[in-house]
Amino acid sequence: MTKNSSLRSSLISGEQRESVESQVYCLTRRILRLTHHLEMHRRDYSSRRGLRQILGKRKRLLVHLSKRDILRYDDSINQLGLRGLKTR
């Protein structure tokens, strides 16, 4: 989570809370927390469903960002340490 600390200070300022990058950052933190929870509680199927929903939402936001501004998209995935989207 050390990669995210520099991103957090730059994204969670007053007017940028609703930006796509800050939403992706918050969803990534929730994903990491849920993943850690599911490692300990393997049979928690409702949390697993919630994790899949959050993953889908983050993916949709990243697709939107990649279509709008590829430079911001590349910067965001590099700072968060995410893989890029699959291309066909």
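The values are calculated or read from the model by the stated rules, or taken from the named source; none is laboratory data. Model, not experiment: these values are computed from the prediction. Glycine gets a Cβ as well: all are built from the backbone with ideal geometry, and neighbour counts include every protein chain shown. Protein only, heavy atoms only, side chains kept; ligands, DNA and RNA dropped before computing areas. Shrake-Rupley method; radii C 1.70, N 1.55, O 1.52, S 1.80 Å.
Against the test of being more than 20 Å from residue 18 (Cα to Cα), open to solvent by 30 Å² or more (accessible area, probe 1.4 Å) and not in a helix (DSSP H, G or I), the options 42, 48, 52 yield a single qualifying residue, 42.
Beta carbons closer than 7 Å, at least 6 apart along the sequence or on distinct chains, pair a first residue in the range 63-88 that is at positive phi with a second that is assigned to a helix (DSSP H, G or I) and of a type outside the set (Phe, Trp, Tyr) for 81/3. Residues in the range 55-88 that are closer than 18 Å to residue 16 by Cβ and either touching a strand residue (DSSP E or B) at 6+ places or on another chain (Cβ under 8 Å) or not in a helix (DSSP H, G or I) (or both): 69 alone.
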